[in-house]
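The structure under discussion appears below in the form of structure tokens.
The values are calculated or read from the model by the stated rules, or taken from the named source; none is laboratory data. Everything quoted here is computed from the prediction, not taken from an experiment. Note that each Cβ is placed from the backbone with ideal geometry, even for glycine, and that neighbours are counted across all protein chains shown. Note: areas computed on protein heavy atoms with side chains; ligands, DNA, RNA excluded. Shrake-Rupley method; radii C 1.70, N 1.55, O 1.52, S 1.80 Å.
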Amino acid sequence: MGPDGAPSQSVPWRKVLWEWQPFPDNYVDQRFLEELRRNEGIRQYRYWAVVKEAGFVGQQLSCVAIFITLWLYMEQGLLAPETLFWTSLTCALLGYGLYQALTSQTESCSDHRTHLADSQSAALFLSFTFGFSPVLKTLTESVSTDTVYAMSALMLLAHLVSFPYAHPSPPGSLSLNAALFASVCLASRLPGALHTFAMLTCALLVFALWPCLLQRIRANAPGQFTGVCVGVCVGGVGGLGSQSLGGAVLLSLALVSVTLICPLLLVRLQRHKDNIHGPWDEAEIREDLSRFLH
């Protein structure tokens, strides 16, 4: 029964718009709620499955912490740029070999890049980065240090917020550009051009190449994915703790919140979800209309 009441006529009401009926426009009969559907197609989450997926968020947060820790060691003169560069290069080669080992036959056929093309891209990046390091070193000389640190913190936050955690291979352009911008700002505050070159090489490894390898591990070696994420988180907390105990405590709290508390809240609040569907929903065209586009 509609809000205006049903008329006394014996004409049955029909849900049509192309003919006149002796009923108000907002009239519906008693069958209106018979088509009510609740929580149609709702996805049920399991706690530990959500925790496993949230591990990607936690390890990315730890990667930022590891990068900041390396920068602090470089700024304090506790880490030589040569050591950082050769360590990054070695890790990149090992990661590339592992990436190729985890690549399935189907993925190998769909990817037409060769090892020579990958080597040329790496050599081109290293050459241009090394050549422009003196320029990048003096890029922010006219900007105050506080402003550089503020911009770096903002860009790293933008990197974490815009990172495509569902499909991180390759990383999103906004996320990667924000991370590289922050890396350039921080690297410009290091003592020399070689420090800048080593720091930018490390930034490419952490923010561009590592997410691709981790995504390949998640897809083709899911049993090792959780262990890798835990190792990265432990490394991030330990590295930051060597520089700042308060920073390590804050990072630990953030990791616990992201990987344990937030999934628990998601699973608990899922039972209170109440989506209703019925004849008031917008019409959906389920027929394939692609043939009309030709």
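Where does each of Asp274, Asp118 land when they are ordered by accessible area, with a 1.4 Å probe and the largest first?
Numbers: Asp274 90, Asp118 40 Å².
Most to least solvent-accessible, the answer reads Asp274, Asp118.
Below 12 angstrom from the Cβ of Arg14, what's the summed charge of the other residues (Lys, Arg +1; Asp, Glu -1)?
Working: positive: Lys15, Arg31; negative: Glu19, Asp29.
That works out to 0.
At 18 angstrom or more along the helix axis (alpha-carbon based) and mean Kyte-Doolittle of 0.5 or higher, what helices does the chain contain? Whole DSSP H runs only. Working shown, then result.
On the way: long enough: 47-75 (41 Å, 0.97); 81-101 (30 Å, 0.58); 115-137 (32 Å, 0.70); 145-162 (25 Å, 1.21); 173-187 (20 Å, 1.73); 222-241 (29 Å, 1.18).
Once both thresholds are applied, what remains is 47-75, 81-101, 115-137, 145-162, 173-187, 222-241.
Only helical DSSP H runs with n ≥ 4 go in: add -39500 (n - 2.57) per run for the chain, normalise by residue count and round the 222 nm mean residue ellipticity to 500 deg cm²/dmol.
On the way: 11 runs with 176 residues, N = 294.
That calculation yields -20000 deg cm²/dmol at 222 nm.
Expressed as a whole percent, how much of the Cα-Cα distance distribution for the chain exceeds 34 Å? Walk me through the numbers on the way to the answer.
Working: 18390 of 43071 pairs.
Counting pairs separated by more than 34 Å, the tail of P(r) holds 43 percent.
For Met155, Met74, write out the residues from largest to smallest accessible area, computed with a 1.4 angstrom probe and no ligands counted. Before the final figure, lay out the partial values.
Working: Met155 50, Met74 0 Å².
Correct descending sequence by accessible area is Met155, Met74.
At a Förster radius of 22 Å, what calculated FRET efficiency corresponds to the Cβ-Cβ distance of Leu102 and Ala208, to the nearest 0.05? If you can, show how the numbers build up before the last one.
Values: r = 18 Å, r/R0 = 0.81.
Once rounded, the FRET efficiency stands at 0.80.
Leaving ligands, DNA and RNA out of it, rank Ser127, Ser244 by accessible area with a 1.4 Å probe, largest first.
Details: Ser127 75, Ser244 50 Å².
From most accessible down to least: Ser127, Ser244.
Taking a probe of 1.4 angstrom, what is the accessible area of Val161 in Å², to the nearest 10?
Using a 1.4 Å probe on the heavy atoms, I get roughly 110 Å².
What lysines could a cross-link reach from Lys273, if we take a straight Cα to Cα line under 27 Å and drop same-chain neighbours fewer than 8 places away?
Lys52
Relative contact order of the chain: what whole-number percent is it, with Cα pairs under 8 angstrom and at least 6 residues apart? Working shown, then result.
On the way: 273 pairs, mean separation 93.4, N = 294.
About 32 percent, as a whole number.
Gap in Å between the Cα centre of the range 200-218 and the Cα centre of the range 8-69?
Taking the Cα centre of each part, the range 8-69 and the range 200-218 sit 37 Å apart.
Considering only the other residues whose Cβ falls under 12 Å of the Cβ of Arg46, what net charge follows from Lys and Arg at +1 and Asp and Glu at -1? Intermediate values should be presented prior to the final figure.
Details: positive: Arg43, Lys52; negative: Glu53.
Computed value for this residue: +1.
Please give me the summed charge of the neighbours of Ser188: other residues whose Cβ is under 9 Å from its Cβ, Lys and Arg +1, Asp and Glu -1. Don't skip to the answer; put the middle values down first.
Values: positive: Lys137, Arg189; negative: Glu141.
That works out to +1.
For the pair Leu266 and Leu116, how long in nm is the line joining their label points, each one 7 Å along Cα→Cβ?
4.5
Just the accessible area per residue of the chain, please: how many Å² with a 1.4 Å probe? Walk me through the numbers on the way to the answer.
On the way: 18250 Å² over 294 residues.
Value for the chain: 62 Å² per residue.
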